[in-house]
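Asker: So that we are looking at the same thing, I have put the structure below in structure tokens.
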Amino acid sequence: MAITEDRRPPTARTVPFAMRDPLHVPRERYYDREFFELEKEKLWPKAWQMACRLDEVPSPGDYVEYEICGQSIIVVRQPDTTIKAFFNACRHRATELCKGAGRLAGGQIVCPFHGWRWNLDGTSSFVYGAEAFDASVLQPEDVRLQECQVGTWGGCVWINMDPDARPLAEALSPGARFLDGVGVGNMRVWWWKETILQANWKMAQEAFLEGYHTMRTHPQLTFGAGERWDAASLRYSVFENGHSRFESAGINDGLDADQFIDFARVLWEGQDAMTLERDVRIFEGLRNRVPAGADFPTAAVAALYEYAAGAGIPMAPLSEAMSLWGGEVFLFPNYFMLPQFGNSLAYRIRPYNDDPECCRFEVWSLTTYPEGQEPGRAELKGRFARDDSDNWGLIPLQDFSNIERQQRGLHSRSFSELRLATEWERAISNMHEELDRYLAR
């Protein structure tokens, strides 16, 4: 029998349930154990990922534990204010050194089992009973804590477990550049919450890669337009490295005063993010000062900037970058920012409990504080059920309501693959294509 040439893309030859084109996603990618194990082996140990916010470790000695697929990393603020990250395992008998978040007393990392100690930079400072060990066991480079690569950008600490990983700036390009223009590096935590969803981490984040769901999922954001709402009003772009964005013209689309203020109020009351109460009050105060027929959105933004200047709030200069207001940037593999005014909504989604069909979904509301009045150390407010209306606003409740239903639907005998829109959902396949590149390496 003649040997035929394998014309499949290289990734399809080595990756199970690989992407064959941008319009279809095999359902098994969201629940298959073999695929999940491949992600654990080739994605998470190799990809730059947001480990914590800088305001979680504001002072020397502060630490945060970051967990991903059975790996625990501790992020530690150094005496010179730089950041280091270490694998969270004692060099003696592997005991986890730190849990959660806290302050390292006396500037020492201490093993709770036998009391071995390390300085904040990971060098060994004390081995109890060192005389009982052969010198070959206590070589300084062997005993020091093992480091991950660390970078900072956008008010966050990013880690990579691969010592040969490319630089953070290269990995985040070009997505980070768009967000730099709206001043995300100046933003601090307003609130931070999380939920656990019975869904694959990719399924949970894909709703936020498109605005196509707004008409049905968030009808209050269409102001009664219903199916007349124009999903094509959002402009989509996909980029190398798996990143993507969509932009909205909603902030400058000729809304009158009542429409603009009503929309701002819906965002504030529906999630207390992107638009905050302070912004709504500024806009309301302008309502009767702008002549009828004038461009109210432009006047509202000018008033917001005038207020910020007087209050000492360091806003990013107005520029074309503000087309992202009301839009979103996705940074592969699992971090989102949705900026508006001097605020942003941010998401981080990751696997949970070694279960392909379970994820940990964190949500931040970020804002820009007056200089010198930044809040203290950022802390997680809590873990709340996805349907807890006391702790989630209407907009996240609406988003969460679909995700587990999608995951269950994948198992229907009638369903074999996602069918994607060519432009509106292209960011989803772009993410999967980048994932396949990692898995094929």
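Asker: Mind listing just one residue for me: the one in region 276-321 that is part of a helix (DSSP H, G or I) and of a type in the set (K, R) and, of those, farthest from G342 (Cα to Cα)?
Answerer: Here the residue is R281.
Asker: Of everything in region 263-275, what is free of Cβ contacts under 8 Å to residues at least 60 places away in the same chain and outside any helix (DSSP H, G or I)? Give them in sequence order.
Answerer: Of everything in region 263-275, nothing turns out to be free of Cβ contacts under 8 Å to residues at least 60 places away in the same chain and outside any helix (DSSP H, G or I).
Asker: Can you pull out every residue in region 396-441 that is in contact (Cβ under 8 Å) with a residue 12 or more places away in the chain and small (G, A, S)?
Answerer: If the condition is that a residue be in contact (Cβ under 8 Å) with a residue 12 or more places away in the chain and small (G, A, S), then S401, S416, A421, A427, S429, A440 are the ones that fit.
Asker: Within region 301-344, how many residues turn out to be surrounded by fewer than 24 Cβ atoms within 10 Å (Cβ to Cβ), of a type in the set (A, V, I, L, M) and either touching a residue at least 60 places away in the same chain (Cβ under 8 Å) or touching a Gly at 6+ places or on another chain (Cβ under 7 Å) (or both)?
Answerer: Number satisfying all stated conditions: 7.
Asker: If you go through region 381-408, how many residues are in a helix (DSSP H, G or I) and over 16 Å from Q205 (Cα atoms)?
Answerer: Of the residues in region 381-408, 1 are in a helix (DSSP H, G or I) and over 16 Å from Q205 (Cα atoms).
Asker: Here is a list of conditions, (1) surrounded by 15 or more Cβ atoms within 10 Å (Cβ to Cβ); (2) outside any helix (DSSP H, G or I), and T152 meets all of them except one; can you say which number that is?
Answerer: (1)
Asker: May I ask you to say which residue of T82, T95 is within 14 Å of I159 (Cα to Cα), surrounded by fewer than 21 Cβ atoms within 10 Å (Cβ to Cβ) and either in contact with a helix residue (DSSP H, G or I) (Cβ under 6 Å, 6 or more places away or on another chain) or among the β-branched types (V, I, T) (or both)?
Answerer: T82
Asker: Kindly provide the set of residues from region 113-165 that are more than 15 Å from V76 (Cα to Cα) and aliphatic (A, V, I, L, M), ordered by number.
Answerer: Of everything in region 113-165, those that are more than 15 Å from V76 (Cα to Cα) and aliphatic (A, V, I, L, M) turn out to be V127, A130, A132, A135, V137, L138, V143, M161, A165.
Asker: Where residues in region 179-192 are within 15 Å of the chain's Cα centre (by Cα) and in contact (Cβ under 8 Å) with a residue 60 or more places away in the chain, which of them is farthest from S365 (Cα to Cα)?
Answerer: If we take residues in region 179-192 being within 15 Å of the chain's Cα centre (by Cα) and in contact (Cβ under 8 Å) with a residue 60 or more places away in the chain, then L179 is farthest from S365 (Cα to Cα).
Asker: Give the number of residues within region 399-408 that are within 19 Å of the chain's Cα centre (by Cα) and of a type outside the set (A, V, I, L, M).
Answerer: The total comes to 2.
Asker: Looking at region 89-148 only, could you name the residues that are of a type in the set (D, E) and either touching a residue at least 40 places away in the same chain (Cβ under 8 Å) or outside any loop (DSSP other than H, G, I, E, B) (or both)?
Answerer: D121, E131, E141, D142, E147
Asker: Filter region 248-261 down to the residues that are in a helix (DSSP H, G or I), among the hydrophobic types (A, V, I, L, M, F, W, C) and at pLDDT below 85 and list them by number.
Answerer: I251
Asker: For region 83-95, how many residues are more than 17 Å from D142 (Cα to Cα) and not basic (K, R)?
Answerer: The number of residues fulfilling the criteria is 1.
Asker: Out of the residues in region 205-247 that are assigned to a loop (DSSP other than H, G, I, E, B) and of a type in the set (G, A, S), which is surrounded by the most Cβ atoms within 10 Å (Cβ to Cβ)?
Answerer: G211
Asker: So which of F133, F178 ends up being crowded, with 16+ Cβ neighbours inside 10 Å and among the aromatic types (F, W, Y)?
Answerer: Checking each option against the conditions leaves just F178.
Asker: Of all the residues that make up region 44-61, how many are crowded, with 22+ Cβ neighbours inside 10 Å and touching a helix residue (DSSP H, G or I) at 6+ places or on another chain (Cβ under 6 Å)?
Answerer: 1
Asker: Let me ask you something else. Would you confirm whether any residue within region 163-175 is in a loop (DSSP other than H, G, I, E, B), more than 30 Å from E65 (Cβ to Cβ) and in the same structural domain as D390 (by TED's automatic domain parsing)?
Answerer: yes
Asker: Has region 152-166 got at least one residue that is touching a residue at least 60 places away in the same chain (Cβ under 8 Å), within 30 Å of Q373 (Cα to Cα) and of a type in the set (F, W, Y)?
Answerer: Yes: region 152-166 contains one or more residues that are touching a residue at least 60 places away in the same chain (Cβ under 8 Å), within 30 Å of Q373 (Cα to Cα) and of a type in the set (F, W, Y).
Asker: Give T195, T222 a once-over and let me know the one that is more than 15 Å from the chain's Cα centre (by Cα) and either farther than 21 Å from N343 by Cα or not assigned by TED's automatic domain parsing to the domain that holds R405 (or both).
Answerer: Sole residue among the options that is more than 15 Å from the chain's Cα centre (by Cα) and either farther than 21 Å from N343 by Cα or not assigned by TED's automatic domain parsing to the domain that holds R405 (or both): T222.
The values are calculated or read from the model by the stated rules, or taken from the named source; none is laboratory data. Not measured: the values here are computed from a predicted model. Every residue, glycine as well, gets a Cβ built from its backbone with ideal geometry; the counts of neighbours run over all protein chains shown.
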